[in-house]
Amino acid sequence: MTNGVIHDLGYQRYTGQRLDRGYAVRSLYWHSLRSAFGIGRGAKAKVFPWLVTGLVAAVAIVVTAIRAVLGEPVLGYLAFPDAVFMLLVLFCAVAAPELVSRDLHSGVLPLYFSRPLRRTDYAFAKLAALVTAVWLVLAGSLLVMFLGGAFGTDRIGEVWPELGDFARGLGYAAITATVFGALAILAASLIARRTVAAGVIVALFLATMPVVGVLDPGGGHLPAGEAGRHLARMVNPSTLVHGVRDWLFHRDTLELGGFGPLYLVVAVGLVGLTVGLLLLRYRRVSR
């Protein structure tokens, strides 16, 4: 017979309020959104996301300053997301692995929940957080451009067209953020090492660029024919949303032929497929 002793370590049952599952999802979303910018973490985690955000804002400030000098815009709201495309890719490459690869590597969530969290809740919260973060990076800079344009007008009536252009820019920023965020979070969810995941995300956006160049040489020989030239830009995520923008907002920077609606269908289908694969991925995560 052993002389066992029971020690009271002071453990107690949770007696606080048990909020619903929606509150848990919102808490994870808010925590993830803050994590995308390194908020709540050390200085090292803030450097790169805020550096990229600052560079995007710097582009907007320069564009606004040039407009104030020349009296006319050199870069519109709808063209701004394309101008900072590479910076957005770098932001996704940093933020997406921060949101999901860390959890996969450690097998531990950063929050305690008083109610169980479903795998789909986790996936949707992470996806929404990254999409929101990318949109905020663009929206903040677009707001700078709008304020510069609005205060530079001579008459109050000129503000309303400016506001309409600004709203369209925010809409296109949402489309860009959704497509980029969905692809990036899916790629990051497959790789536990953040550095590897970041490289894969950059490659995902850049690897198809040469394919677009081959199929659409821009006035030269057209190996894929005229229809292939019009469809070529669906291959790359950046040029895909570019085509969606041209069709939705009646711009003609790309030659889409009669395939404008197809660009929107492909973009919606790509996001749907990505979300489906993301949910399937987390259904198979063992821990």
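The values are calculated or read from the model by the stated rules, or taken from the named source; none is laboratory data. These numbers come from a predicted model, not from an experiment. As a convention, Cβ positions derive from the backbone with ideal geometry for all residues, glycine included, and neighbour counts pool all protein chains shown. SASA here: full protein model, heavy atoms, side chains in, ligands and nucleic acids out. Shrake-Rupley method; radii C 1.70, N 1.55, O 1.52, S 1.80 Å.
Kindly provide the set of residues from the stretch 67-92 that are more than 19 Å from Thr53 (Cβ to Cβ) and surrounded by 14 or more Cβ atoms within 10 Å (Cβ to Cβ), ordered by number. Scanning the stretch 67-92 gives Arg67, Pro73, Gly76, Leu78, Ala79.
State yes or no: is Arg193 within 26 Å of Ala96 (Cβ to Cβ), surrounded by fewer than 18 Cβ atoms within 10 Å (Cβ to Cβ), modelled with pLDDT under 90 and not hydrophobic (A, V, I, L, M, F, W, C)? So Arg193 passes the test.
Close contacts from the stretch 51-63, counting a first residue that is free of Cβ contacts under 8 Å to residues at least 60 places away in the same chain and a second that is assigned to a helix (DSSP H, G or I), with Cβ to Cβ under 7 Å and a gap of 6+ residues or different chains, come to Leu55/Leu87.
Got a sec? Which helices (runs of 4 or more DSSP H) wholly within the stretch 15-130 have at least 1 residues that are under 22 Å from His242 (Cβ atoms)? The qualifying helices (runs of 4 or more DSSP H) are 43-70, 80-83, 85-96.
Here is the figure for the stretch 260-277: residues that are open to solvent by less than 60 Å² (accessible area, probe 1.4 Å) and either among the β-branched types (Val, Ile, Thr) or in contact with a helix residue (DSSP H, G or I) (Cβ under 6 Å, 6 or more places away or on another chain) (or both) total 8.
Yes or no: the stretch 95-117 includes at least one residue that is within 28 Å of Asp20 (Cα to Cα), basic (Lys, Arg), touching a residue at least 40 places away in the same chain (Cβ under 8 Å) and open to solvent by 40 Å² or more (accessible area, probe 1.4 Å). There is at least one residue in the stretch 95-117 that is within 28 Å of Asp20 (Cα to Cα), basic (Lys, Arg), touching a residue at least 40 places away in the same chain (Cβ under 8 Å) and open to solvent by 40 Å² or more (accessible area, probe 1.4 Å). From the list Arg245, Arg251, the one residue that fits, being modelled with pLDDT of 80 or more, open to solvent by 50 Å² or more (accessible area, probe 1.4 Å), within 24 Å of the chain's Cα centre (by Cα) and among the charged types (D, E, K, R), is Arg251.
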